[in-house]
């Protein structure tokens, strides 16, 4: 059983220093693990056949061999059946360098999800992993419930998958959806995969978002009955915040990481408005309702009292963010909230709040780029 981080997002991978910080934070768990699978590491996926450059491999290998188990993975993009030997070489190098587990990922591939594909994938993995005594986790191409409807041959694919995968190997599952609001289908997933699923949880991932991160607490979501990996934001401070929430959910308290800085109030404000993909936090939702009412003329003074406290707090937070490790990536998100609340405050100080807000957001200097404006349903 493992609980930890899967560095499995699209975007710039973490640096070795950032990765080691996360590994160190995880180390206090009873069953920690770090799973390496960044989609845009060229030698992990698109250039998987090629050896890592010496410096890149040295940097990656520096994260292996410690007290926290480190899983190394390959995503053999458009593999040919006879190329298993190249995968075997890279996986063996990782094992020799201190990796505690190995993986081959077949997610997000262009092939149709039919039985023949599952047979090719499992045959490739079995030959590449032959002889290893390390734990193995695979990711099937059908890795969530929504794919059962999206791919017409998904059930055939999974039938072959569960018939061929060794009983001691794990299979990743993301839940009913790629990004699942609730992990409510784990019993069904076990039946489909042929064994207890390993959870790849995308609830905090942000590689598909525009100007958003997710900082929700994870209590009641993370289970001790399954191996559970949180795929975090590619923005390092948000990922570190996610590890804090993971540890809290597993009963280790909510100890504040020093690298997140001293402006905890700024983080609290950010968390209220950047909570989950589907909603703000409870307090954030109440604040949004109050601000909406104020824009329409009700409770303007009370809203301004709150804004006059929040905006200076966010000003100080924005000034501090560049001093954080990885803070430059967080800065646009922090500035976005600061700027949005500043614009609302300015609008509420005008005679026509709704008209002023429209002017500041859409007329004077349009806030959204045209494509984002259209994608949001504005015509």
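The values are calculated or read from the model by the stated rules, or taken from the named source; none is laboratory data. All values reported here derive from a predicted model rather than from experimental measurement. Cβ coordinates were reconstructed from backbone atoms using ideal geometry, including for glycine residues, and neighbour counts include every protein chain displayed.
Okay, residues lined up against (1) surrounded by fewer than 15 Cβ atoms within 10 Å (Cβ to Cβ); (2) assigned by TED's automatic domain parsing to the domain that holds residue 39; (3) under 28 Å from residue 57 (Cβ atoms):
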| residue | (1), (2), (3) |
| --- | --- |
| 91 | no, yes, yes |
| 101 | no, yes, yes |
| 116 | yes, yes, no |
| 124 | no, yes, yes |
| 136 | no, yes, yes |
| 148 | no, yes, no |
| 157 | no, yes, no |
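Of all the numbered requirements in (1) touching a helix residue (DSSP H, G or I) at 6+ places or on another chain (Cβ under 9 Å); (2) closer than 25 Å to residue 10 by Cα, residue 180 misses one, and that requirement is (1). Has the range 125-135 got any residue that is in contact with a helix residue (DSSP H, G or I) (Cβ under 6 Å, 6 or more places away or on another chain) and closer than 24 Å to residue 185 by Cα? Within the range 125-135 (the criterion being in contact with a helix residue (DSSP H, G or I) (Cβ under 6 Å, 6 or more places away or on another chain) and closer than 24 Å to residue 185 by Cα), the answer is no, since none of the residues qualifies.
Quick one: would you say residue 348 is surrounded by 13 or more Cβ atoms within 10 Å (Cβ to Cβ) and in contact (Cβ under 8 Å) with a residue 40 or more places away in the chain? Spelling it out, residue 348 is indeed surrounded by 13 or more Cβ atoms within 10 Å (Cβ to Cβ) and in contact (Cβ under 8 Å) with a residue 40 or more places away in the chain. For the residues 347, 334, the requirement of being farther than 25 Å from residue 264 by Cβ and in a helix (DSSP H, G or I) singles out 347. Within the range 353-377, can you find the residues that are in contact with a helix residue (DSSP H, G or I) (Cβ under 9 Å, 6 or more places away or on another chain) and part of a loop (DSSP other than H, G, I, E, B)? Hits for the range 353-377 are 366, 367, 368. Restricted to the range 195-311, the set of helices (runs of 4 or more DSSP H) holding at least 3 residues that are touching a helix residue (DSSP H, G or I) at 6+ places or on another chain (Cβ under 9 Å), crowded, with 21+ Cβ neighbours inside 10 Å and in the same structural domain as residue 179 (by TED's automatic domain parsing) comprises 236-249.
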